[in-house]
Amino acid sequence: MIWAQYAIFGLGVGAVFALLAAGIVLVYRASGVLNFAHASIGVTGAYIDYSLLEHHAGLPVGVALAIAMAAGALTGVLSYRLVFERVAHTSQVTKLIASFGLSGVLQGGIGVVFGRIGTPTTRGHTLLPVERGVTVAGAGVPYQRIAVILVGIAAALGIAALLRFSEFGIQLRALAQNPLAARLAGVDDRRIQTITWAIAGSSSVLAAVLVLPFGPFNPLALNGFQLKAFAAALLGGFVSLPASLAGGVGLGVAQELLVGAPAPFNGLRTVLATALILVLLFLRVERFFVSEQEARAVQGDERLFTGGSRVPVVGSPRAWLAGAAVVAAATMTMSGFWAFVTTRAALYALLALSLVVLTGWTGQVSLMPGTFAGVGACLAWVLGTKLGFAFPVVIPLAGLATIPVVGIVGVAAVRLRPLYLAVATLAFAGLFDDTLFQQHWFANGGAELVTNRPTLLTGDHAFAAAVIGIAGALFAFTAGFARTRTGRAFRMVRDNDRAAEAAGVNPAKYRLLAFAISAFYAGVMGALLAYLLRTFTVEEFSFLVLSLAAFGIAAVGGIRTPAGAIVGAFAFVELTEVFRSSGAVSDWSTVAVGLGIVLVMGRTPDGIVGVAQRAWSRLRPRRRAVLAPVLEPSGA
Amino acid sequence: MPEHTPVLAVDEVTVRFGGVTAVDAVSFAVAPGEIVGIIGPNGAGKTTLLDAICGYVTVARGRVTLDGNDATALLPYQRARRGIGRSFQDARLYPTMTVRETLVSALHATQRSGLVAEGLRLPDVRAEEQAVADAARDLLALVDLTPYLDLRLAELSFGTTRAVELAWLAARQPRILLLDEPASGLQQSEVRELGALVHRIRGDAAVVVIDHDVPFVAGLAQRLLAMDLGRVVADGPPADVLRDPAVVASYLGSGKYR
C-alpha cells in the first residue's frame, strides 16, 4: 500500500522538523534569540561529516557523526560566546538580524572551506545502507528511513525531557521567566546558555546528517526544513516543546501524504508550511499551549534601536539631489567598468534605503527585500522585454506592482509583533520562491532572463547617470518625509506604539505605509538591476544573495540613516570587487556581509555613520545648556 | 452638574482576563472640567479601567461614552482623536526623539499633510511644519522646558520626562486627561510641584487621576472614587470617601487578613 510508504516518509521528515524545532525553541527560551542560523549550524556539521567519510575510508559512520556533532556543539557555543552574548542586552529584533549575519558567515564559510562539494548530484552519507530495509504493507522502506524516525523523535523527546525534568532544564526555565531572580538564586546564566547552544548545535547537526542523504547536498539544503521547523515551533509560540514536537511530526506526515493526493491537491505541498504559518499566526494558536505569562517572560524587549547616542543625520532633500548630481557627473569621468560598479553601488544603496525606512525607522523586520526586488526584476523582463513597454513606464510600474503583495503581507504586518512578522515574511518569501518565481510567464521558469536597455541609455555611462538620478530622487524624497509628519509617526510607532495611539496615530496605517514604501523602493531597484545586468536569473534575488546583502549594508553603514545606506553600499560593492579579483566572489562576500552584521549589530545601531557622527561632534565644542530640574519646589 | 452632557461616561464596564474579573461593572461619569481621583490598593483595577476607557483592553460588557457618543467600538487612536489624553505610568514616551520633536508629535492629528506632499516638500507642508514647531516651542516655554529642547528623552531625568509628558498631553488640547500614577517615581518635593503643573496645563479639560499617593490625589481631585477588587466601593467628596469604612478596610486589609 503506497499510503503507508508516504506516511513513513512523512514520519521521517516530521521527526527532523521536530528535532530542529526543539533546538530553535531551546535557544529562544534561553537566549531570546529566534535563530535563523540554526539550520546553517547543522549544515556546517553535515559538511564535516561528509568530508570525514570521503577522506578517511573505513571510518565508522558513528564516529564521523560524533565528531560532526561535537563540531556542531562547538559552533553553537562559539555563536553564543562571540555573537549572541554580545547582543544579549539589545532588543530581540537586533538579535534576529545578528542571526541573519551568522547564517551568512556559516553558509558562505562552507563554500570557502569545502569548495566544490555540493554539486546537484552529491548526496550525504547514510548512517545505514539504503539498499537494505524492511517491507511495510508491500512497500520497501530502507533502514535509513526508520533510523531517521527513531533517532529524530528520540532526540527531540530527549531534549524535551531534559528541559522538563533535569536540573539544567529547571534552571533554564527559571532564567527565561525571570533572569534577575534566577541569577540571585545562584543560577549560572552563562553556563546554562553555553549548554543550551551546545545542545542546539549538535542536535541541528544530527538532523542534517539524518535527512540530507535523501536530497541535494548543498549549503542551503536545510533551509527549507528550517522553515517547516519554524512553523512547528510557532504552534507552541516558540516556547512549548511538546506542542512544537507534535506540530513537527504532524506537518511532516501531512506534507508527505499530500504527495500521494490527486492532481490539484498535491500542489498544496509547496504552500502547506506557509499556509500553516499564516493560520497559526492569525489565530494565535500558541495561546492554547503557552500561558500569556510564560510567553511574555521570554519575549523581553521587542523594541528596536531605542539606544544610540545621537539623533541620526538625515540631510535635506536638496543636499541629496545635489549629491546625486555630483556623483553622476563623477561617473562620466570614470572608465566604463567603474561606472558600472558605481551604478551597482547606487542600486544596493536604494535597497538598503528600503530597510532604513522599514526596519530602522519603523522597527519592522522583513525577509522579503530580495523578493520585492525579484518581482521588480521579473517585471522588467515581462513588461520591457516581452511586452515592449518603454523604460520610463517599466520602472514605476515595477515599483507599484509590489503594492498588491504588500497588501497581502501587510495584513500580517499590522497585526503581528516584530518577531512573528519576520517569520511570516520568511514564509511568504519561500512561497514566492516556490510559486511565482518558478512560472514561465513571470520568471522564464527560473532560466535566464534578458533585458534591453533603451537606446539612449545603452552605454554604461548614460545608464549610470539615469540610475543615480532615480536613486538620488528617491533618497531626496525619503529625506523629505523623514523629519515631518509621516517620518515622526513611523518613529512614534517604533518607539512606543501605545503612546503613538494616544497621540491619535493609527499604528496599523503607518506600519503598512512603511512596508509599501520599502517594497516600492525594492521593486524599482530590482527592475533597474535587471537593466544593469542585461541577463540574470531569479536566483540572484534570493535571500542569501540580496536580502542578506541589504541587511549587511544597512547594519554596517547605519540602519537609521539614509547616509548609512550609501556608505554601506559603496563599502559592500568595493569589497565584492576585491573578492572578484581573487576568485570565489559570492562565498567570501557572503562571509564578509555576515561578519559585518555580526560585528556591528548590538554595538551601535548607527554603524559607520554613527561613529563618524560621534567623532565629528567631539571635534566641535559641544554647547551644553546648564539644566535645572523642572519639577522642583519653586520656592527652594 | 447634571444638566451638562458628561465628557466621559463609563457604564457598567467589565473587563476580564481569562477567569479573573479585573474591572467589575464599574459606572461613573465625569462632568466637563471636573477633576476626579481614583484611589485603591494594588490590584483594584485602576489602570485596567483607564486602559478600558482608552481602548487598550476590550471590555467584556458595558459602554464607554465620550461627550454623549458611544466610543466602545472605537480603536485607541480614534478615541484619542475624540478628545482623550492619556499619560502612562512609565512616562517613557518616545526615547529616541528630542523634547522638541516629542511636542510636535503630539500635534500629529491636527496636521493634514501626507506622504507624497512631504516627500516633495510642497510649500503647504513647510508652512504646516513651521506652525507645529512654533506651537511646540510656545508650549515648552509654558512649562519651563525650553533649555531641554534638543535633548533626547532617553537623556532626561524621570521627573523631567514626566513634565515633558504633561506638556505633550496638553499640546493636544484633549477634553479629558487620564493620568496613570503621575506621582509614582517622583520625589516628595516634585510631587508637590506636580499638582500645580497639572492645573497649569489642563486648561478647561476634565481630569481623571489615579495614584497610590492618596494625599496627592485627594488634594488635586474635587471628587474621589475608591476601588477595590475591580468594583467602586465609594464615590463622593474626598473627605467623605477617605472616612468611608469600606475604603479604610480596603487599605488596611479586611477582616480575613487581620
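Observations on the model:
- Residue in region A:458-473 that is more than 26 Å from the chain's Cα centre (by Cα), in a loop (DSSP other than H, G, I, E, B) and on the phi > 0 side of the Ramachandran plot present: no
- Residues of region B:159-194 satisfying the condition of being more than 9 Å from every other protein chain (Cβ to nearest Cβ) and modelled with pLDDT under 90: B:Ser184, B:Gly185, B:Gln188
- Residue count for region A:372-408, restricted to those that are within 28 Å of A:Asp497 (Cα to Cα) and surrounded by 24 or more Cβ atoms within 10 Å (Cβ to Cβ): 2.
Here is a yes/no grid of residues against (1) touching a residue at least 60 places away in the same chain (Cβ under 8 Å); (2) of a type in the set (Ser, Thr, Tyr):
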residue: A:Leu347; (1), (2): yes, no
residue: A:Leu351; (1), (2): yes, no
residue: A:Val356; (1), (2): yes, no
residue: A:Thr362; (1), (2): yes, yes
residue: A:Pro369; (1), (2): yes, no
residue: A:Ala377; (1), (2): yes, no
residue: A:Gly399; (1), (2): yes, no
residue: A:Ile408; (1), (2): no, no
residue: A:His440; (1), (2): no, no
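- Within region A:481-502, considering residues that are of a type in the set (A, V, I, L, M) and at the interface with chain B (Cβ under 7 Å from one of its Cβ atoms), the one surrounded by the fewest Cβ atoms within 10 Å (Cβ to Cβ): A:Ala499
- All told, B:Thr146 meets the bar of being among the β-branched types (Val, Ile, Thr), surrounded by fewer than 22 Cβ atoms within 10 Å (Cβ to Cβ) and out of contact with any Ser or Thr (no Cβ under 6 Å at 6 or more places or on another chain).
- Failed item in (1) farther than 22 Å from A:Met69 by Cβ; (2) in a helix (DSSP H, G or I); (3) under 21 Å from the mean Cα position of the chain (by Cα), with A:Val205 passing the rest: (1)
- Helices (runs of 4 or more DSSP H) contained entirely in region A:356-446, each with at least 1 residues that are of a type outside the set (A, V, I, L, M, F, W, C) and within 29 Å of A:Gln226 (Cβ to Cβ): A:369-379, A:402-415, A:418-434, A:440-443
- Helices (runs of 4 or more DSSP H) wholly inside region A:214-282 that include at least 2 residues being closer than 26 Å to A:Val545 by Cα and either more than 21 Å from the chain's Cα centre (by Cα) or not polar (S, T, N, Q) (or both): A:223-235
- Within region A:171-192, the set of residues being closer than 16 Å to A:Tyr28 by Cβ and either in a loop (DSSP other than H, G, I, E, B) or touching a residue at least 60 places away in the same chain (Cβ under 8 Å) (or both) comprises A:Leu172, A:Arg173, A:Leu175, A:Ala176, A:Gln177, A:Ile192.
- Test for A:Val505: is it surrounded by 24 or more Cβ atoms within 10 Å (Cβ to Cβ), assigned by TED's automatic domain parsing to the domain that holds A:Gly430 and outside any helix (DSSP H, G or I): yes
- Within region B:27-51, residues that are free of Cβ contacts under 8 Å to residues at least 24 places away in the same chain sit with their Cβ atoms under 9 Å from residues that are of a type in the set (Asp, Glu) and surrounded by fewer than 19 Cβ atoms within 10 Å (Cβ to Cβ), at 6+ positions apart or across chains, in these pairs: B:Ala29/B:Asp11.
- Just one of the listed residues (B:Arg100, B:Arg92, B:Arg112, B:Arg82) is touching a Leu at 6+ places or on another chain (Cβ under 8 Å), of a type outside the set (Val, Ile, Thr), within 14 Å of chain A (Cβ to nearest Cβ) and surrounded by fewer than 17 Cβ atoms within 10 Å (Cβ to Cβ), and it is B:Arg82.
- Taking the numbered list (1) facing chain A (nearest Cβ under 9 Å); (2) surrounded by fewer than 21 Cβ atoms within 10 Å (Cβ to Cβ) in turn, B:Ala127 passes all entries but (1).
- B:Arg192 surrounded by 17 or more Cβ atoms within 10 Å (Cβ to Cβ), farther than 25 Å from B:Glu12 by Cβ and in contact (Cβ under 8 Å) with a residue 12 or more places away in the chain: no
The values are calculated or read from the model by the stated rules, or taken from the named source; none is laboratory data. On a predicted model such as this, the values are computed, not experimentally measured, just so you know. All Cβ positions, even for glycine, are placed from backbone atoms using ideal geometry, and neighbour counts span all protein chains on display.
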